[in-house]
Amino acid sequence: MATNPNGLVLAADGGVPRSFTATAREVVSGGEFVFCSGANAVIGSSMSSYVYGDILVATNASGGRVNGVAEFNAGSNSAVTIISRGKVIVSAGGTIVAGDKVDVDGSNAVIATVNYAGAIGRALASAASGGFTLIDLYC
């Protein structure tokens with residue numbers, strides 16, 4: 001697994017943190033890319049029908065299925081905060097050039113992409129494969 005050994009490293013949040021709380025469908029490590037994988041209950045038309053546990057997240061997110069990065073470690077069926085916007089230090093799964101649009105490769109590393117519609121962010125720093133880069137995450 002190519003996650004940052006320091007977990008989530010949030011360099012900045014743009015002044016407006018974007019996060020949501022969900023239930024981990026499985027064990028999740030801080031810094032791991034996740035995707036929403038269903039709901040525990042039917043969500044109705046008003047906020048009174050929604051609680052954080054209604055959203056389930058799973059690991060090994062890739063491509064258009066990325067909804068954010070886990071803020072901290074969480075056990076299966078535990079609450080976890082997901083960061084969906086901010087500047088985050090992540091692993092590079094290939095050569096990254098500052099300015100590249102990036103996507104997730106399924107092993108918790110970002111790769112440069114030409115699929116701009118499915119991009120999850122933009123690299124703010126260059127990195128060699130296996131290194132780390134700073135991205136502007138916008139899931």
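The values are calculated or read from the model by the stated rules, or taken from the named source; none is laboratory data. In this text the structure is predicted, and so the values were computed from the model without any measurement. Don't worry about glycine lacking a Cβ; one is built from the backbone with ideal geometry, like all the others, and counts go over all protein chains shown. The accessibility values were calculated without ligands, DNA or RNA, using every heavy atom of the protein model including side chains. Shrake-Rupley method; radii C 1.70, N 1.55, O 1.52, S 1.80 Å.
Tabulated data
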| quantity | calculated |
| --- | --- |
| Cα centroid separation, segment 103-139 to segment 50-78 (Å) | 19 Å |
| Carbon and sulfur %, accessible surface of the chain computed with the full protein complex present, 1.4 Å | 53 percent |
| Distance in nm between pseudo-label sites at Val42 and Ser76 (7 Å out along the Cβ direction from Cα) | 2.8 nm |
| Among Ala24, Ala92, Ala127, residue whose mean-square fluctuation peaks in a GNM of the chain (springs only between Cα atoms under 10 Å) | Ala127 |
| Choice from Val97, Val66, Val88 showing the highest fluctuation, given a GNM over the chain with Cα pairs closer than 10 Å | Val97 |
| Paramagnetic label zone (point 7 Å from Cα along Cα-to-C-beta, Ala125; backbone N under 18 Å) in segment 73-104 | 86-103 |
| Global size of segment 99-139 as Cα Rg and Dmax, reported in angstrom | 9.2, 25 |
| 1.4 Å probe accessible area per residue over segment 19-139, in Å² | 44 Å² |
| Rg/Rh (Cα only; Kirkwood hydrodynamic radius) as it applies to the chain | 0.99 |
